[in-house]
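One structure below.
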Amino acid sequence: MRVTVIGLGYIGLPTAAMLALKGNVVHGYDVNPAVRSGLRNDRGHIADPEVRGLTERAVTSGGLLISDRLEPAEAYVICVPTPNAADGRPNLSYVHLASGDVARVLKRGDLVILESTVPPGTTERIVGSAVRERGLSLDDIYLAHCPERVSPGAIVSELRKNSRIIGGRRPADAEAARALYASFVESDMYLTDSKTAELVKVIENTFRDVNIALANELALLCEELGVDARQAIWLANKHPRVNILNPGPGVGGHCIPIDPSFLADAQPFLTELIQTARRVNARMPNHVVRRIRELVPMPPYGRKIALLGASYKANVDDSRESPTEKIDGLLREQGYETVTYDPVASGFARPLASSLEEALDQADAMALIVDHDAFRKIEPAVARERMRGQVLVDARGFFDAAAWQASGFQVYTLGSMPAAGSLARSA
Ligand code: SAJ
């Protein structure tokens, strides 16, 4: 089948490549010329090595063609971003743009699939109006919402192995979409209507945000109780029906912190728990900064804090909505000097240190914000040589606190209150 995929980001590109490698003739289109040229040349802008390899094979096979315009096809898969606008409301402008572009080349019998995460009801509303403007009716085409569930860092395998929700405007629309995904999805596909599929995707991520908020609230509670939150959660999860996630310095990425607002924005008076959970998670960067201030008070002269990790989570290069960005901003507002080091991130709000040594040099504290595997090898003795102070703030329960304390470090691990008195500052 001829397929055009619109939006060649971390979902659209591997989806286009996967469809191409399964015998479809796929045109990939992205409004960003730099993305198009990057994909035609060295594909160097793709950080995920598995996605780069998949793309390489799909382009080399001739199955995936990167086009400068939106090519007519029998099926269109829209994978454009749906970020939050500055006011916190969903920004659906890319969906509007892509739907209009598709409608211009649409013909009877074509299949349109929206993969982007959207508030319930959006697919039929936005794509439907674009189609009607072109003189077609939704009865003339097949329309579906088919959200993805891949986790950045495991995209290619999860594209194949994750089950999928296929939400058709009508059963025939869902069946048409299922037939397309059957070319590469190796797991179950659950057919439903488009509005249910839109809601399912949003509630999957909302569930995760609420669960993380519980873990974070337990961490704050355990600090006051003098209990190790991670151990308490680990033991509670031994219960066959308990699965509490891990506390952390905040919730980043372009999904978990964003998607709950699709429900809260639509029904502010029916989403108290969802909104409260969002506030708990959004306040975690402030809590980390409060603990840093307690351990490294602001003297008349500046204090340098080395932040480890700019990405939004371990072992991915994406720093969108990164908790580190919020922590960095709060510290600098309060007069601290900060240097962030991240060997994985492909970008950050401010320049990153070129090495761990540069970040640690004369630092009064080292704060681990992202638990990249690459940080596992950091030795207390090496850090001590470089640093001016001996404070470790571990926001992920990543390091062996006893080993760092044995090397003379004061250690605060989020969710585990330091021994009484150790927050008191020696001059
Ligand atoms: N986090 C915690 N504690 C945890 C788990 C995560 O603090 O126990 C933080 C992470 O550090 C990160 C943020 O939450 O800052 C989000 O990370 P994540 O791994 O929970 O989520 P994403 O955004 O990488 O991927 C999620 C996944 N959704 C679910 O697990 C329900 C993925 O399956 C989705 O496809 C993806 O959102 C998406 O694109 O919607």
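The values are calculated or read from the model by the stated rules, or taken from the named source; none is laboratory data. Just so you know, these numbers come straight off a predicted model, no measurement behind them. In this analysis, Cβ positions are derived from the backbone assuming ideal geometry, glycine residues included, and neighbour counts consider all displayed protein chains. Surface areas here come from the heavy atoms of the whole protein model, side chains and all, with no ligands, DNA or RNA. Shrake-Rupley method; radii C 1.70, N 1.55, O 1.52, S 1.80 Å.
Find all pairs meeting these conditions: Cβ atoms under 7 angstrom apart; at least six residues apart or on different chains; first residue within the range 364-376 and closer than 16 Å to VAL288 by Cβ and open to solvent by 10 Å² or more (accessible area, probe 1.4 Å); second residue modelled with pLDDT of 95 or more and among the aliphatic types (A, V, I, L, M).
Sorted first by the residue in the range 364-376, then by its partner, the pairs are ASP371/ALA314.
Name the single residue, out of those in the range 390-408 being away from the ligand (no atom under 16 Å from the Cβ) and open to solvent by less than 10 Å² (accessible area, probe 1.4 Å), that is nearest to ASN315 (Cα to Cα).
Let us first name the residues in the range 390-408 that are away from the ligand (no atom under 16 Å from the Cβ), namely 390-392, 399-408.
So of that shortlist, the ones also open to solvent by less than 10 Å² (accessible area, probe 1.4 Å) come out as 391-392, 404.
Details: VAL391: 24, LEU392: 21, TRP404: 23 Å.
Across the range 390-408, the extreme among qualifying residues is LEU392.
For the range 204-219, name all the residues that are in contact (Cβ under 8 Å) with a residue 40 or more places away in the chain, touching a helix residue (DSSP H, G or I) at 6+ places or on another chain (Cβ under 8 Å) and open to solvent by less than 60 Å² (accessible area, probe 1.4 Å).
ASN205, THR206, ASP209, VAL210, ILE212, ALA213, ASN216, LEU218, ALA219
Could you please give the count of residues in the range 205-263 that are of a type outside the set (A, V, I, L, M, F, W, C), closer than 21 Å to LYS326 by Cα and more than 10 Å from the ligand (Cβ to nearest atom)?
Qualifying residue count, the range 205-263: 3.
Looking at the range 179-194, can you tell me whether even one residue there is out of contact with any Cys (no Cβ under 6 Å at 6 or more places or on another chain), at pLDDT 95 or above, part of a loop (DSSP other than H, G, I, E, B) and open to solvent by less than 20 Å² (accessible area, probe 1.4 Å)?
yes
Conditions (1) in contact (Cβ under 8 Å) with a residue 12 or more places away in the chain; (2) part of a loop (DSSP other than H, G, I, E, B); (3) buried (at least 22 other Cβ atoms within 10 Å of the Cβ), marked per residue:
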position	(1), (2), (3)
GLY88	yes, yes, no
HIS96	yes, no, no
ARG108	yes, yes, no
VAL112	yes, no, yes
ARG125	no, no, no
GLY135	no, yes, no
ASP139	no, no, no
LEU143	yes, no, yes
ILE166	yes, no, yes
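Output the residue which, of all residues in the range 1-10 that are within 15 Å of the ligand (Cβ to nearest atom) and surrounded by fewer than 24 Cβ atoms within 10 Å (Cβ to Cβ), is modelled with the lowest pLDDT.
Only one residue tops the list, namely TYR10.
Go through (1) open to solvent by 40 Å² or more (accessible area, probe 1.4 Å); (2) closer than 30 Å to ALA345 by Cβ and name the single condition VAL118 misses.
Among (1) open to solvent by 40 Å² or more (accessible area, probe 1.4 Å); (2) closer than 30 Å to ALA345 by Cβ, VAL118 violates only (1).
Among the residues of the range 221-236, what is the count of those that are β-branched (Val, Ile, Thr) and either under 11 Å from SER416 (Cβ atoms) or out of contact with any helix residue (DSSP H, G or I) (no Cβ under 7 Å at 6 or more places or on another chain) (or both)?
1
Looking at (1) among the small types (Gly, Ala, Ser); (2) surrounded by fewer than 22 Cβ atoms within 10 Å (Cβ to Cβ); (3) within 16 Å of the ligand (Cβ to nearest atom); (4) within 23 Å of ARG293 (Cα to Cα), find the lone condition where ALA353 falls short.
If we test ALA353 against (1) among the small types (Gly, Ala, Ser); (2) surrounded by fewer than 22 Cβ atoms within 10 Å (Cβ to Cβ); (3) within 16 Å of the ligand (Cβ to nearest atom); (4) within 23 Å of ARG293 (Cα to Cα), just (3) comes out false.
For the range 11-28, give me each residue that is touching a residue at least 60 places away in the same chain (Cβ under 8 Å), open to solvent by 20 Å² or more (accessible area, probe 1.4 Å) and either within 22 Å of ARG149 (Cβ to Cβ) or touching a strand residue (DSSP E or B) at 6+ places or on another chain (Cβ under 7 Å) (or both).
Selection gives LEU21, LYS22.
So which pairs qualify, if the first residue must be in the range 39-59 and free of Cβ contacts under 8 Å to residues at least 40 places away in the same chain and under 17 Å from ALA345 (Cβ atoms), the second must be outside any loop (DSSP other than H, G, I, E, B) and open to solvent by 40 Å² or more (accessible area, probe 1.4 Å), the Cβ gap must be under 7 Å, and the two must be at least 6 apart or on different chains?
ILE46/ARG52
Given the options SER129, SER157, name the one that is in contact (Cβ under 8 Å) with a residue 40 or more places away in the chain and away from the ligand (no atom under 12 Å from the Cβ).
SER157
Step by step: first the residues of the range 41-50, then only those that are touching a helix residue (DSSP H, G or I) at 6+ places or on another chain (Cβ under 8 Å) and closer than 14 Å to ASN315 by Cβ, then the one that is least open to solvent (accessible area, probe 1.4 Å). Which residue is that?
ASP48
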